[in-house]
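In what follows, a single structure is set out as structure tokens and then discussed.
Read-outs throughout are calculated quantities, based only on the coordinates presented, and are distinct from any laboratory measurement. Given the structure is predicted, the values throughout are model-derived calculations rather than measurements. Positions of Cβ are generated from backbone atoms using ideal geometry, with glycine treated the same way; all protein chains shown enter the neighbour counts.
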Amino acid sequence: MSDEPFGGFPAVGKATAIPNIFFTTVLPQLQSAGALLAFLWVSRLVQEQRGDIRCSTVEDVWAYPAAKQSFERTAGGRPGLDQGLRECVSAGALLGLELRGAGVAETVYFVNNPASRRTVGRVRAGELRLRPETTAVPVAPEEGARPGIFRLYEEHIGTITPMVGDRLIEAEDSYPADWVEDAFREAAELNIRNWRYIERILARWAEEGRLHETPGRDPLEEQKRRFLGGNLGHIVRYR
């Protein structure tokens, strides 16, 4: 690539769309130039794709000479790209899935938008395969990162089915992430492993507001009285 000064953007040309919320919410969280470059390049690559499944691998990014040069100059080369992708997953800007089996061992990355969340949900529920005869495992976030709704479900309830996967996606799009975590936590404190129960907690908070914002502030017996003795009791008894 030439080191001559850039002459300016043309009046009309191809463009990569970056949501404004990236600049106000995600960008301040990123810790490295590699993470910023990784998000920009994955966004560029997936927006050039067609169809319902739009994702990219580290090799797809590294294959672009301009991407390779940008990482080598400002982000530590290939290790900077690898770390940048992991950092984007932890920040919630990208979604990552590890594909395993049939001689395949690679990670694919999606920009975290509603269409991608639906695709990842279908893949994790076994309804869709990105590669033949492979299983998909979510990329583990960096230590201290917020767990996603799919990991919370698997840890607290069990295997995700296609029907449940659709409901998880809907809940993730409808409620703040901290509400989802707190609803799982409240159910766990009552030893209830039931997604319908958690859905009703979220719906109740949305309708009535959250009177107790700090998890664990209510005594356990008070939580049982409010939920088991109220309009959620039948859900616990009849799963």
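Summary of computed values
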quantity: Under-5 Å amide H pairs with Asn112, H placed in peptide plane, nonlocal only; calculated: Leu94, Leu95
quantity: Peptides 102-108, 53-59, 179-185 ordered by average Cβ neighbours within 10 Å, highest first; calculated: 179-185, 53-59, 102-108
quantity: Derived scalar couplings ³J(HN,Hα) [segment 58-68; Karplus, 6.51 cos²θ - 1.76 cosθ + 1.60; whole Hz; x for Gly, Pro]; calculated: 4, 5, 4, 5, 5, 6, 7, x, 5, 5, 4
quantity: HN-Hα J in Hz across segment 122-137 - Karplus 6.51, -1.76, 1.60, θ = phi - 60°, x for Gly and Pro; calculated: 5, 5, 5, 7, x, 7, 9, 10, 7, 9, x, 6, 10, 10, 10, 10
